[in-house]
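Presented below is the structure to which this report refers.
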Amino acid sequence: MELDFHMAIGEAEANYANNSRLQRKALIKTKPVLEKVMRQVYMALLPPTMVVADLGCSVGINTLLFVSKVTSTVADAQCHNELGCHIMELQFFLNDLPRNDFNQVFQSLQQFTKSIAAGHPKGVALPPFYISGLPGSYYNRLFPCQSVHLFHSSYCLHWQSQELVPGGKMLLTFLGRKKDDVLDGDLSHLFGLLAQALQSLFTEGIVEKGKLESFNLPIYGPSIDEVKTVITRNKLFCIDHIELFESNWDPYDDLEHDGMHISPHRGMNVAKCIRAVSEPLLASHFGEYILDKLFQRFAQIVERHLAKENVKYSVIVLSLNRRD
Ligand SMILES: C[S@@+](CC[C@H](N)C(=O)[O-])C[C@H]1O[C@@H](n2cnc3c(N)ncnc32)[C@H](O)[C@@H]1O
């Protein structure tokens, strides 16, 4: 599973780097929470070097957007004298599975460093920052004990505790569920439509019965209450902040109210977004040859669905403190 689970790479039309607007919107939306959490950590600990890990960083503009948000939060704090004469450096660890295209991330660093400096107001010094890649699964230990001040992860999910310094924090953004009923979630709804597309390919003889029946996509969107229960039971963390916001299925639909966004590309936009995160898994199980047909069919089904109902993802933002 770890080998197959990575985001779509390769052709620009379908790869994750070019089809991650949904995830980018979440990073922008959670900026105020990130700033608050950052401030709480550095004001409480005043570390000479703040160690920040982004788990499941992937590739593309989202990866470095997170780095730039953290860096400018510290630059602003220094500019407003919040840190007094304390000079703080930043050490970033960008983590993902080994098959993530880390080279692409590294190759963009020089340009990124120039653009972040150029985009900053004149006279405001950026803190020195250092970026390292860290391949490996976040379900295994990645860091020495008590060495990380802030774990961040967006659109992935996991918990780490021993590696956090006392007073350290974790900020997680992940897909969840608004309603209590497990089957009444927009996530199960969306993947139900993908199942319909697979089923129709089976009816046409393109997908084998055995392959269809043995496919399992382990995806679950918890409710806020379920998240709270797990954290309380786990006893390693306490909740600092939890909220749920909604995001339209179509990543190019920025309307915040319930009005209907009429675009002929809605179905295709949703299909590209889902393809970018699931293509390697689907290709390894069913074979690459089904992908184009599958996602064309899925786009049509989603389009019909969105014409009847404006559905949204529920996204949970959770900030956790390590219990001492
Ligand atoms: C949907 S992407 C999110 C990427 C990025 N955080 C963003 O906001 O655009 C999820 C990422 O998590 C990574 N991932 C999944 N399971 C992982 C694991 N066990 N360890 C490390 N990374 C993992 C995937 O390879 C993928 O790059």
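Quick notes on this structure:
- Condition met for residue 60 (in contact with a Cys (Cβ under 7 Å, 6 or more places away or on another chain) and either in contact (Cβ under 8 Å) with a residue 40 or more places away in the chain or within 16 Å of the ligand (Cβ to nearest atom) (or both)): no
- Residues that are over 30 Å from residue 162 (Cα atoms) and among the acidic types (Asp, Glu) were ranked within segment 280-324; the one that is surrounded by the most Cβ atoms within 10 Å (Cβ to Cβ) is 303.
- Matching entry among 75, 125, 117 (being assigned by TED's automatic domain parsing to the domain that holds residue 160, assigned to a helix (DSSP H, G or I) and surrounded by fewer than 16 Cβ atoms within 10 Å (Cβ to Cβ)): 117
- Just one of the numbered conditions (1) away from the ligand (no atom under 16 Å from the Cβ); (2) in contact (Cβ under 8 Å) with a residue 40 or more places away in the chain is not true of residue 279: (1).
Listed here are the residues, each with its yes/no results for (1) more than 23 Å from the chain's Cα centre (by Cα); (2) modelled with pLDDT of 95 or more; (3) at positive phi.
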position	(1), (2), (3)
219	no, no, no
237	no, no, no
263	yes, no, no
294	yes, yes, no
322	no, no, no
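- Restricting attention to segment 124-168, the residues that are more than 16 Å from the ligand (Cβ to nearest atom), on the phi > 0 side of the Ramachandran plot and touching a residue at least 40 places away in the same chain (Cβ under 8 Å) total 1.
- Helices (runs of 4 or more DSSP H) enclosed by segment 168-245 - at least 2 residues per element that are among the basic types (Lys, Arg) and more than 25 Å from residue 30 (Cβ to Cβ): 209-214
The values are calculated or read from the model by the stated rules, or taken from the named source; none is laboratory data. This one's a predicted model, so the numbers in the text were calculated from it and none came from an experiment. Every residue, glycine as well, gets a Cβ built from its backbone with ideal geometry; the counts of neighbours run over all protein chains shown.
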